[in-house]
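> First the structure, which I've put down as structure tokens, then a few questions once you've had a look.
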Amino acid sequence: MDCLFCRIANGDLAANMLYEDEQVIAFHDIAPQAPVHFLVIPRKHIATLHDLSEEDDKLLAGHILFTAQRLAEQLGCEEGFRVVMNCNDLGGQTVYHIHMHVLGQRRLHWPPG
Ligand code: AMP
Ligand code: ZN
């Protein structure tokens, strides 16, 4: 299996890293859509949100969200920010290893495109 984000998590591919621990890593998006745009991903390969299992529920899923919140605050997004997880082609997913987008430092509109 050749997964771009597994390669980043394993250190085989460089990324502009923000944070790492045993469960998750966070790095700046290569094509930022806002002044702050980073991704939080689990080290564990989970292809889409449909593949999230019960064992991932409380610890991993919560830790991804908490990491997003803490880093958003560290990057000056106290006034507001957005988290997004795209699921499958119809949801706009292009990399099939789940990731939480965190966007901030500009006004974000609703509904999204
Ligand atoms: P999605 O469309 O939700 O699957 O988001 C995938 C995101 O990964 C996009 O915002 C890309 O810009 C980003 N991306 C792709 N390759 C890299 C990379 N090597 N380093 C950082 N971000 C990447
Ligand atoms: Zn992967």
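The values are calculated or read from the model by the stated rules, or taken from the named source; none is laboratory data. Quick caveat: nothing in here was measured; it's all calculated off a predicted structure. Cβ atoms come from the backbone with ideal geometry, glycine included; neighbour counts cover every protein chain shown.
> Do we have any residue at all in the stretch 56-78 that's among the β-branched types (Val, Ile, Thr), touching a Ser or Thr at 6+ places or on another chain (Cβ under 7 Å) and at pLDDT 95 or above?
No, the stretch 56-78 contains no residue that is among the β-branched types (Val, Ile, Thr), touching a Ser or Thr at 6+ places or on another chain (Cβ under 7 Å) and at pLDDT 95 or above.
> Starting from residues that are more than 16 Å from ligand 2 (Cβ to nearest atom) and surrounded by 14 or more Cβ atoms within 10 Å (Cβ to Cβ), keep the ones in the stretch 71-100 and report whichever is nearest to residue 18 (Cα to Cα).
Among those that are more than 16 Å from ligand 2 (Cβ to nearest atom) and surrounded by 14 or more Cβ atoms within 10 Å (Cβ to Cβ), it is 71.
> Would you please list the contacts, defined by Cβ atoms under 9 Å and residues six or more apart or on different chains, that run from a residue in the stretch 100-113 that is modelled with pLDDT under 95 to a residue that is among the hydrophobic types (A, V, I, L, M, F, W, C)?
If the second residue must be among the hydrophobic types (A, V, I, L, M, F, W, C), the pairs left are 112/84.
Matching residues to (1) closer than 10 Å to residue 98 by Cβ; (2) surrounded by 13 or more Cβ atoms within 10 Å (Cβ to Cβ):
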site	(1), (2)
20	no, yes
23	no, yes
29	no, yes
46	yes, yes
50	yes, no
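> Being in contact with a strand residue (DSSP E or B) (Cβ under 8 Å, 6 or more places away or on another chain) and of a type outside the set (S, T, N, Q) is the filter here, so list the residues in the stretch 91-108 that pass it.
Of everything in the stretch 91-108, those that are in contact with a strand residue (DSSP E or B) (Cβ under 8 Å, 6 or more places away or on another chain) and of a type outside the set (S, T, N, Q) turn out to be 97, 98, 99, 100, 101, 102, 103, 104, 108.
> Filter the stretch 7-18 down to the residues that are more than 11 Å from ligand 2 (Cβ to nearest atom) and surrounded by 14 or more Cβ atoms within 10 Å (Cβ to Cβ) and list them by number.
15, 18
> Can you give me the number of residues within the stretch 70-101 that are charged (D, E, K, R), under 13 Å from the mean Cα position of the chain (by Cα) and closer than 18 Å to residue 46 by Cα?
Counting residues in the stretch 70-101 that are charged (D, E, K, R), under 13 Å from the mean Cα position of the chain (by Cα) and closer than 18 Å to residue 46 by Cα gives 0.
> For residue 82, only one of the following conditions fails: (1) among the basic types (Lys, Arg); (2) in contact (Cβ under 8 Å) with a residue 60 or more places away in the chain; (3) out of contact with any Pro (no Cβ under 8 Å at 6 or more places or on another chain). What is its number?
Only one criterion in (1) among the basic types (Lys, Arg); (2) in contact (Cβ under 8 Å) with a residue 60 or more places away in the chain; (3) out of contact with any Pro (no Cβ under 8 Å at 6 or more places or on another chain) is unmet by residue 82, namely (2).
> Also, quick follow-up: Out of 39, 52, 108, 4, report the one residue that is more than 16 Å from ligand 2 (Cβ to nearest atom) and of a type outside the set (Val, Ile, Thr).
108
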